[in-house]
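Engineer: One structure follows; several queries about it will come next.
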Amino acid sequence: MSIKNACRDIFVQLSDLINQLSDHEYSKPIETLNQSSIGQHIRHTLEFFMCLEQADEAGVVNYDKRLHDKLIETDKVLALAAVNRLSDFIMTHDQNRNLNLEVNYSIDGEGFIVVGTNYSRELIYNIEHAIHHMAMIKIGVHEVAPHLNLPVTFGVASSTIRHQASNTIATQQH
């Protein structure tokens, strides 16, 4: 599977989930997620892709400069529009561009570090980041919308899925 197709699969899963949730379920604070909502995790995930989209113009990606757009975390229509726009961008974008990653690990916000990277590497990072948050979203869905049946692969890394499948095959052969 290509990197672009992996992203598209993530966006399809997120879109399907958003469409199944009520407005209340989407934005309800969840105790097991430290009072964050499913919408907050979706917004956070999408904003990492948005940072990469914005890097296309500047050649610099900085995930700390996210917008923290409250509307995306509370408005399902806006979240779905963002999912669709980002999916279109990724499916039509050239992956061979060099970028600089700007990071800052200081508490006071001073002193950015710039590291060379490229669009494909950052897209891979975004996929892994999305899967991580989707795993948390799955926990939240079980709490606020237990009536939903998410795919068993929702929030699970492809390497884990392959490992689980090989264990199942090995168990069946014995």
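The values are calculated or read from the model by the stated rules, or taken from the named source; none is laboratory data. Everything numeric here is computed off the predicted structure, so don't read it as measured data. Counting neighbours? That spans all protein chains shown, and the Cβs are built from the backbone with ideal geometry, glycine included. The protein model used for the area step is the full one, side chains on, heavy atoms only, and it has no ligands, DNA or RNA in it. Shrake-Rupley method; radii C 1.70, N 1.55, O 1.52, S 1.80 Å.
Engineer: Output the residues belonging to the range 93-119 that are open to solvent by 50 Å² or more (accessible area, probe 1.4 Å), acidic (Asp, Glu) and within 21 Å of the chain's Cα centre (by Cα).
Structural biologist: Of everything in the range 93-119, just one residue is open to solvent by 50 Å² or more (accessible area, probe 1.4 Å), acidic (Asp, Glu) and within 21 Å of the chain's Cα centre (by Cα), namely Asp94.
Engineer: Please go through the range 23-35 and pick out each residue that is open to solvent by 50 Å² or more (accessible area, probe 1.4 Å) and of a type outside the set (D, E, K, R).
Structural biologist: Hits for the range 23-35 are His24, Pro29, Thr32, Asn34, Gln35.
Engineer: When the range 1-14 is examined, which residues are found to be within 13 Å of Leu80 (Cα to Cα) and surrounded by fewer than 16 Cβ atoms within 10 Å (Cβ to Cβ)?
Structural biologist: Result: Val12, single match.
Engineer: If only one of Ile90, Ile42, Ile18, Ile38 is of a type in the set (Val, Ile, Thr), in contact (Cβ under 8 Å) with a residue 60 or more places away in the chain and either open to solvent by 20 Å² or more (accessible area, probe 1.4 Å) or farther than 25 Å from Leu148 by Cα (or both), which one is it?
Structural biologist: Selected residue: Ile90, the only one of Ile90, Ile42, Ile18, Ile38 that is of a type in the set (Val, Ile, Thr), in contact (Cβ under 8 Å) with a residue 60 or more places away in the chain and either open to solvent by 20 Å² or more (accessible area, probe 1.4 Å) or farther than 25 Å from Leu148 by Cα (or both).
Engineer: Among the residues of the range 53-65, write down those that are of a type outside the set (Phe, Trp, Tyr) and modelled with pLDDT of 95 or more.
Structural biologist: Val60, Val61, Asn62
Engineer: Oh, and also: Looking for something loosely packed, with under 13 Cβ neighbours inside 10 Å and of a type in the set (Gly, Ala, Ser) - is there at least one such residue anywhere in the range 120-134?
Structural biologist: No, the conditions are met nowhere in the range 120-134.
Engineer: I would also like to ask the following. Before we move on, is His142 open to solvent by 20 Å² or more (accessible area, probe 1.4 Å), part of a helix (DSSP H, G or I), closer than 16 Å to Asp9 by Cα and at pLDDT 95 or above?
Structural biologist: For His142, the condition - open to solvent by 20 Å² or more (accessible area, probe 1.4 Å), part of a helix (DSSP H, G or I), closer than 16 Å to Asp9 by Cα and at pLDDT 95 or above - is not met.
Engineer: Quick check on my filter: what residues within the range 54-68 are crowded, with 17+ Cβ neighbours inside 10 Å and under 15 Å from the mean Cα position of the chain (by Cα)?
Structural biologist: Within the range 54-68, Tyr63 is the sole residue that qualifies.
Engineer: Taking Gly155, is it modelled with pLDDT under 85, in a loop (DSSP other than H, G, I, E, B), open to solvent by less than 90 Å² (accessible area, probe 1.4 Å) and at positive phi?
Structural biologist: For Gly155, the condition - modelled with pLDDT under 85, in a loop (DSSP other than H, G, I, E, B), open to solvent by less than 90 Å² (accessible area, probe 1.4 Å) and at positive phi - is not met.
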